[in-house]
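The values are calculated or read from the model by the stated rules, or taken from the named source; none is laboratory data. Only a predicted model underlies this, so the values are computations on that prediction, with no experimental measurement involved. Heads up, the Cβs are rebuilt from the backbone with ideal geometry, glycines too, and the neighbour counts pull from every protein chain shown.
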Amino acid sequence: MVTKNYRTVTVIEATAILISTIIGVGVLALPRLAAEADNSGAPLITVLGILVAFGGLSFITVLGMRFPNESIIEYGERILGKWPARIGSGLIIVFFIVLTGLGAREFSPVVVTSVLTNTPLTVVTIVMIVLAALASRANLSTFAYSHLFYLPFVYFPGLVIDIFLRKMGASSTCNPSSGTNRSSCPSFQEP
């Protein structure tokens, strides 16, 4: 009989993983996608998306607490039965494959535009997907440690930029929640 050796993730490591995920998807991509979907209703769409995600996360968390030593694939079979769980597991796998592709597609143009200007978009996308695959192949502790290590390098530059923008008064003229016009923000002016 094979025994599973689980290493628990500490609270600070789980927080680092969540912060990295939220900054990567929620801060950079979500507001733009919501604004493209519905110009004036973007804040409402964002709040509704947060509520839906929180509901799904709460459901998965409760199931994870009820079956602490099993993955979602394993306890899905116990709850739904063998074949319905396999269909559901397949849908979850397809969902994460599509999500990974969308994330790579979203951030590749940002990297090509700002950092790697002479690198083809396809190369950047493939490298991002290979890096994500390599990171997911490592064990959980390595994954958590890497997020915890890189958190200051991701979080603090954004915090410093935000502080300087607030000192310059840019946040008061470019704040979408205050209902100001986008044309009043210097970074959105038409050429």
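Could you tell me whether any residue of segment 44-57 is in contact (Cβ under 8 Å) with a residue 24 or more places away in the chain, surrounded by 13 or more Cβ atoms within 10 Å (Cβ to Cβ) and either β-branched (Val, Ile, Thr) or not in a loop (DSSP other than H, G, I, E, B) (or both)?
no
Would you please name the residue that is surrounded by the most Cβ atoms within 10 Å (Cβ to Cβ), looking only at residues in segment 100-155 that are outside any helix (DSSP H, G or I) and among the polar types (S, T, N, Q)?
THR119
Within segment 73-90, which residues are surrounded by fewer than 16 Cβ atoms within 10 Å (Cβ to Cβ) and in a helix (DSSP H, G or I)?
Within segment 73-90, ILE73, GLU74, ARG78, ILE79, LEU80, LYS82, TRP83, PRO84, ARG86, ILE87, GLY90 meet the criteria.
Could you check segment 1-24 and list, in sequence order, the residues that are within 16 Å of LEU140 (Cβ to Cβ), at pLDDT below 80 and not aliphatic (A, V, I, L, M)?
Matches in segment 1-24: LYS4, ASN5, TYR6, ARG7, THR8, SER20, THR21.
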